[in-house]
Amino acid sequence: NNIKQKFSSNLPLKEKLFQMEEMLLNINNIMNETKRISNTDAYTNITLQDIENNKNKENNNMNIETIDKLIDHIKIHNEKIQAEILIIDDAKRKVKEITDNINKAFNEITENYNNENNGVIKSAKNIVDEATYLNNELDKFLLKLNELLSHNNNDIKDLGDEKLILKEEEERKERERLEKAKQEEERKERERIEKEKQEKERLEREKQEQLKKEALKKQEQERQEQQQKEEALKRQEQERLQKEEELKRQEQERLEREKQEQLQKEEELKRQEQERLQKEEALKRQEQER
């Protein structure tokens, strides 16, 4: 049907009424076609219910991932809603154009025929009212769809705000985790440094103890060496004294031997002298006897 048809003022009254009826029929055809490809009432109710069900299902387990899924789900619905709006908008444009022509035809009838043939005028008025009603129905459909779109956009905004809160909370927890990790790392580093310090001190103590032991060992060795030297000197001195005593004893023995030998010699000489004297006495006695 040609939705751009114009009302001819040259037609008789009944033909004008027939033309208005034809235009109303065109509107009904547009409405039927629109309802065939779009069921706004059912769609808006199902969409709202579907979104609410998904929100309720995820409500107790809400996180950034589930929020993103919900937002994507709502955006898919929004794309369908916008497609519905395009369908209704197109129908609205066509119906409005025909309704304007119906109003124009009705105005011409009332202006030209005034109170003549009130039945025709009444029928024409009914056509105007019906066209206006259908036009308003499309407005209601558009209003519902736009309200649903607005409702969904508000949900997206609310979910976006909630996502931002969750993200900030996650970032806060991440900062806390990183801070704890940093503190733990710093604690471990302090422990490592402290252990290194303690290990260094332990090694230094061991080194000092080792040096002390070595020094004591060296002192002990020196003491023992000194003691050995002293003992050797003492032993040498004792040996020297023993040698001196031995020499002294040997000298005494020599002197004693010499003394004994001298005594023996003297006794021998004395004996020889006595023998000589005895011989002389004997000779003298013999001489006297003679």
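For A83 and D68 in one chain, what is 0.36 nm times their gap in residues minus the Cα-Cα distance, to one decimal in nm?
Working: separation 15, 0.36 × 15 = 5.40 nm, distance 2.24 nm.
Extra length available between A83 and D68 comes to 3.2 nm.
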Listed by chain and number, the aspartates and glutamates with an alpha carbon less than 20 angstrom from that of K243, same-chain partners under 8 positions apart left out, are E230, E231, E251, E253, E256
Dipole check, the chain, charges on Cβ (K,R +1; D,E -1), about Cα centroid: among I37, T132, M20 the Cα furthest to the positive pole belongs to M20
Give the aspartates and glutamates whose C-alpha is closer than 16 Å to that of K217, dropping any in the same chain fewer than 8 places away, or say none. E206, E209, E225
XL table K213/K234; K75/K173; K69/K140; K69/K157; K92/K140; K69/K167; Cα-Cα > 22 Å flagged, in table order, is K213/K234; K75/K173; K69/K140
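Explain nothing, just the number: relative contact order of the chain, from Cα pairs under 8 Å at least 6 residues apart, as a whole percent.
Reported as a whole number, the value is 23 percent.
What net charge do the residues around E275 carry, taking every other residue with its C-beta under 13 Å from that of E275, with Lys and Arg at +1 and Asp and Glu at -1? Before the final figure, lay out each step's value.
Numbers: positive: K270, R271, R276, K279; negative: E267, E268, E273, E280, E281.
Net of charged neighbours comes to -1.
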Please list, or write none, the lysines whose alpha carbon is within less than 16 Å of the alpha carbon of K197, excluding same-chain residues fewer than 8 places away. K188, K207
Could you pull out every whole DSSP H run in the chain that spans at least 18 Å of Cα extent along its own axis and averages -0.5 or higher on the Kyte-Doolittle scale? 13-37
Burial ordering of S150, S38, S123, fewest other beta-carbon atoms within 10 Å first: S150, S123, S38
Taking other Cβ within 10 Å of each residue's Cβ, how do H77, H151 sort, fewest first? H151, H77
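Kindly identify the chain as rounded, prolate or oblate by the Cα gyration tensor criterion: order the square roots of the eigenvalues as a ≥ b ≥ c, call it rounded if a/c is under 1.5, otherwise compare a/b with b/c, prolate if a/b is larger, else oblate. It would help to have the intermediate numbers written out before the result.
On the way: a/c = 14.09, a/b = 13.46, b/c = 1.05.
Because a/c hits 1.5 or more and a/b exceeds b/c, the chain counts as prolate.
We did not get these values from a lab; they are worked out from the coordinates using the rules stated. Remember, predicted model here, so these are calculated numbers, not experimental data. Reconstructed Cβ throughout: ideal geometry from the backbone, glycine too, with neighbour counts over all protein chains shown.
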